[in-house]
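The values are calculated or read from the model by the stated rules, or taken from the named source; none is laboratory data. None of these values were measured; they are calculated from a predicted model. Backbone-built Cβ (ideal geometry, glycine too); neighbour counts: all protein chains shown. These area figures cover heavy atoms from the full protein model, side chains too; ligands, DNA and RNA do not enter into them. Shrake-Rupley method; radii C 1.70, N 1.55, O 1.52, S 1.80 Å.
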Amino acid sequence: MASRKKADNVKVVIRCRPLNSAEEAKNCKRCLEINGRTGEIVIHNPKGDRDGPKSYKFDQVYDWNSQQRDIYDRAAQPIVSAVCEGFNGTVFAYGQTGTGKTFTMEGVRDKPELRGIIPNAFDHIFNTIDESEGKQFLVRASYLEIYMEEIRDLLSKDQGKKLQLKENPDRGVYVKNLSSLVVKSVKELQHVMRVGNKNRSVGVTNMNAHSSRSHAIFVILVECSELGEDGENHIRAGKLNLVDLAGSERQNKTQAEGQRLKEAAKINQSLSCLGNVISALVDGKSTHIPYRDSQLTRLLQDSLGGNAKTVMVANIGPADYNYDETINTLRYANRAKNIKNDPKINEDPKDALLREFQEEIERLKSQLDKGGKKKKKKKK
């Protein structure tokens, strides 16, 4: 059962990193003007603007002085709060390689002021649980990557095993045999993430010394049980997808060769499929949405045009050297903000693990009661 709310547009946030040392060494200049108050970005073509500079407007925009906590509080916090209430939610970072997607999503874990969206979400979820009264919670975590169009469980002992996508009416699209670990604290969630990160596919390119070679999705399931007016326990189940997409690449800039070039081709192909899905969702004419064209778009099917609240954080660089990549990201993001989702609270789902635990506890209590009564009879 699900309770409906009105259609909800995908929220789009733009974040621009500072000029890096390599760009400063090349004497690159900023080609962007960013107005955080109005949500407007103006981009200037370094080769000259025949038709004038291009202007775009988004839900939120952040320049090179932005702070991690501001991004979380304004962009991600409403999504995480909704997940604790039983909605599905997705936050995903998109952009050219080397624009700060992983920094935005993960940040620097041992420095509180530099922690990204994912570790801040961990704190948020367990703070919500600690402050709740009259409710029972169960939290589970999974971590996967899509590498070369194959799905890998980053928490599995067998990292060579490839997993399959399945679909059914109750669960929608899901990954068969994906690990799902019950976690009881922020520390346990952090441990799950550390284990997964050790298995993630990364590599070196000319654009990024620590380039993600896969799309990574950290999934948190939050089940909440509460006594209803009818005297029965009712369960709400929210799912949070925290997605760090691999960056789009141009071979002439990354100088990728061999395996790195093959990886880049697969990354660009799946991002192109994502762009096709976004275009189909917003053009108003398409009768078919090509979700099945890639593993990524199938996994994000609920997040784009489905039952979820979604925020896209588009990361860009300010340098005129990357003008083409930056304007492509802005165009991509500009289309995405027109996607309409239909988020619903997931009430009393059939596969709620919390209900199984509650029923098992009641069964054990019943056995103990019967055992106690038998002992009393023997004494008589």
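Our summary gives the chain a relative contact order of 28 percent, counting only alpha carbon pairs under 8 angstrom and 6 or more residues apart. Length available on full extension from residue 38 to residue 167: 0.36 nm per residue minus the Cα-Cα distance, which gives 42.3 nm. Compared with the dominant principal axis of the Cα atoms in the chain, helix 258-282 is inclined by about 80°. Taking every protein chain into account, the 1.4 Å probe leaves residue 310 with about 0 Å² of accessible area, to the nearest ten. Net charge dipole, the chain: roughly 1420 debye, given to the nearest 20, about the Cα centre with Cβ charges of +1 for Lys and Arg and -1 for Asp and Glu.
In this simple spin-label model, placing a label point 7 Å from the Cα along the Cα-to-Cβ direction at both residue 67 and residue 272 gives a separation of 4.3 nm. Model label sites at residue 366 and residue 81, defined 7 Å from Cα along the beta-carbon direction, differ in position by 4.1 nm.
Report, in degrees rounded to the nearest 10, the 0 to 90 angle that the Cα long axis of helix 186-199 makes with the longest principal axis of the chain. Computed tilt is about 50 degrees.
Among the lysines of the stretch 19-115, pairs at least eight places apart or on separate chains and with Cα atoms under 22 Å apart come to 6. Once the C-beta distance of residue 188 and residue 50 is scaled by a Förster radius of 35 Å, the resulting FRET efficiency is 0.05 to the nearest 0.05.
Once the C-beta distance of residue 324 and residue 181 is scaled by a Förster radius of 56 Å, the resulting FRET efficiency is 0.85 to the nearest 0.05. Based on alpha-carbon centroids, what's the gap between the stretch 121-144 and the stretch 87-119 in Å, whole number please? First find each Cα centre; the distance between them is then 19 Å. Expressed as an acute angle from 0 to 90° and rounded to the nearest 10, what is the orientation of the C-alpha long axis of helix 323-336 relative to the principal long axis of the chain? Value to nearest ten degrees: 40. About its Cα centre, the dipole of the stretch 22-181 is roughly 480 debye, where the only charges are +1 on Lys and Arg Cβ and -1 on Asp and Glu Cβ. Against the set (i) -0.93, -1.22; (ii) -0.77, -1.13; (iii) -0.66, -1.08, the structure's computed log10 I(q)/I(0) by the Debye sum over Cα atoms at q = 0.10, 0.13 Å⁻¹ falls on (iii).
When 215, 124, 191 are compared by accessible area at a 1.4 angstrom probe, the order from most to least is 191, 124, 215.
For the stretch 104-196, the square roots a ≥ b ≥ c of the C-alpha gyration tensor eigenvalues yield an a/c of 1.5 or more together with a/b not exceeding b/c, which makes the shape oblate. Surface composition of the chain: carbon plus sulfur atoms hold 47% of the accessible area, using a 1.4 angstrom probe and ignoring ligands, DNA and RNA. Here is how the number arises for the chain: DSSP H runs of 4 or more residues each give -39500 (n - 2.57), the sum is divided by the residue count, and the result at 222 nm is -10000 deg cm²/dmol. Each label point was placed 7 Å from the Cα along the Cα-to-Cβ direction; for residue 135 and residue 158 their separation is 3.8 nm.
For the listed peptides 313-326, 224-237, a ranking on the average number of other beta carbons within 10 Å per residue, highest first, reads 313-326, 224-237. Can you find, among 56, 353, 82, the residue farthest towards the positive end of the dipole of the chain? Put +1 on the C-beta of Lys and Arg, -1 on that of Asp and Glu. The residue sitting farthest along the positive end of the dipole is 353.
An oblate overall shape is assigned to the stretch 1-112, the ratio a/c of its alpha-carbon gyration tensor axes (a ≥ b ≥ c) being 1.5 or greater and a/b not exceeding b/c. Solvent-free Debye calculation, one equal scatterer per alpha-carbon of the stretch 257-310: log10 I(q)/I(0) at 0.13, 0.28 Å⁻¹ equals -0.36, -1.08.
Can you tell me the accessible area per residue over the stretch 1-135, all protein chains present, probe 1.4 angstrom, in square angstrom? Each step should come with its number before you reach the end.
Values: 6860 Å² over 135 residues.
Heavy-atom accessible area per residue stands at 51 Å².
Charged neighbours of residue 67, selected by a Cβ distance under 15 Å, balance to +2 (K, R count +1; D, E count -1). If you take every residue apart from residue 162 with its C-beta less than 13 Å away from the C-beta of residue 162, what net charge results, scoring Lys and Arg +1 and Asp and Glu -1? Net of charged neighbours comes to -2.
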